[in-house]
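The block underneath contains the structure these notes are about, expressed in structure tokens.
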Amino acid sequence: MKILIKSAWGSADPTQASFPFHHANAFAEAGHHVQIFLLGEAVTLMRSVVAGAVVPVGWAPLAEALAKLIEHRVPIHV
């Protein structure tokens, strides 16, 4: 299945901002072709200093999710 995940959530709400990345990893690990499309405030999450500071409630830090996405070769469009 091909999946496109869109998000505009930025670092002001770390839990919401992290969902697309964690969900994309789950889809990729299940064998689906997934892509992420970021717009608005979500674009700032691609700065390493911002990604390193985003820690959602109950989930792994965004920096860890990004590292997994890179391993899965998931395209991220900004």
Residue list for segment 4-26, filter: in contact with a strand residue (DSSP E or B) (Cβ under 7 Å, 6 or more places away or on another chain), under 14 Å from His72 (Cα atoms) and without any contact (Cβ under 8 Å) to a residue 40 or more places away in the chain: His23
So His23 clears everything in (1) at pLDDT 95 or above; (2) within 24 Å of Met1 (Cβ to Cβ); (3) in contact with a helix residue (DSSP H, G or I) (Cβ under 9 Å, 6 or more places away or on another chain); (4) not hydroxyl-bearing (Ser, Thr, Tyr) except one condition, right? Which one? (3)
Which pairs turn up if I take residues in segment 55-78 that are under 21 Å from Gly31 (Cβ atoms) and look for partners that are at pLDDT below 95 and of a type in the set (Phe, Trp, Tyr) with beta carbon separation below 8 Å, at least 6 apart in sequence or on another chain? Ala65/Trp59
When the residues of segment 1-36 are narrowed to those that are of a type in the set (Phe, Trp, Tyr) and farther than 15 Å from Ile70 by Cα, which ends up surrounded by the most Cβ atoms within 10 Å (Cβ to Cβ)? Trp9
Scope segment 52-78; condition touching a Pro at 6+ places or on another chain (Cβ under 8 Å), surrounded by 17 or more Cβ atoms within 10 Å (Cβ to Cβ) and assigned to a helix (DSSP H, G or I); matching residues: Leu62
Are any residues in segment 1-23 of a type in the set (A, V, I, L, M, F, W, C), within 10 Å of the chain's Cα centre (by Cα) and over 14 Å from Met46 (Cβ atoms), and if so, which ones? Ile5, Phe19
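The values are calculated or read from the model by the stated rules, or taken from the named source; none is laboratory data. What you are looking at is a predicted structure, and each value in this text was computed from that prediction instead of being measured. All Cβ positions, glycine included, derive from the backbone under ideal geometry; neighbour counts span all protein chains shown.
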